[in-house]
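The structure under discussion appears below in the form of structure tokens.
The numbers here are math on the coordinates, done by the rules we state, and not lab data. Owing to the predicted nature of the structure, the values given are computational and were not obtained by experimental measurement. Every residue, glycine among them, receives a Cβ derived from its backbone with ideal geometry; neighbour counts consider all protein chains shown.
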């Protein structure tokens, strides 16, 4: 009997075609477009918050790079390499753990919530993060534990930045 990680993977990966699964397919491809769109939108709408937006994008990109390094240190194979009959909807050539997209977009969403504190922007952002996380499994790119690992990194990096570096600088002034 396969482990729980593989069972959850297979359940999500084999979802039948529907409007939701088509959305999951495209959400992956549009994820960086979404990040650029929300960044540009907030840049124009909140000129007084541009420093915070630069910090948000910088930490998200750092999170992406950090995950990329972790992938090679951990070197976990992709599900298609270990599970028979995986539906691969997108090919990837890097190791699997952690999911850098889940980490990057969660890091972006967390800092967006901390710096902007507007539900109008944060609720849709976290919804998109959840869809990106599920899409990684649906596309056959990651195990659920890869996504969970990415979410742990995507939580720890921005919170460390915000509470250890940013808050310390602003309280010393």
Under 1.5 on a/c is rounded, so check that first for segment 1-89, then, if it is not, pick prolate when a/b is larger than b/c and oblate when it is not; a ≥ b ≥ c are the square roots of the alpha carbon gyration tensor eigenvalues.
-> oblate
Output ordering of 110-121, 147-158 (per-residue mean of other Cβ within 10 Å, highest first) is 147-158, 110-121
Evaluate E = 1/(1 + (r/R0)^6) for residue 51 and residue 75, where r is the Cβ-Cβ distance and R0 equals 30 Å; express this FRET efficiency to the nearest 0.05.
-> 0.20
Simple label model, 7 Å out from Cα along Cβ direction - residue 89 to residue 5, nm | 2.2
The FRET efficiency for residue 68 and residue 160, from their Cβ-Cβ distance with R0 = 25 Å and rounded to 0.05, is 0.90
List 5, 75 from most exposed to least, where exposure is judged by having the fewest other Cβ atoms within 10 Å.
-> 75, 5
Sorted peptide list for 81-89, 55-63, 136-144, criterion being average Cβ within 10 angstrom, highest first | 136-144, 55-63, 81-89
Share of Cα-Cα pairs in segment 66-111 lying beyond 13 Å, as whole percent | 60
Rounded to 0.05, the calculated FRET efficiency for the beta carbons of residue 118 and residue 26 at R₀ = 35 Å is 0.85
If contacts are Cα pairs under 8 angstrom and at least 6 residues apart, what is the relative contact order of the chain in percent?
-> 32
Estimated 222 nm signal from helices in the chain, with DSSP H stretches of n ≥ 4 weighted -39500 (n - 2.57), rounded to 500 = -24000 deg cm²/dmol
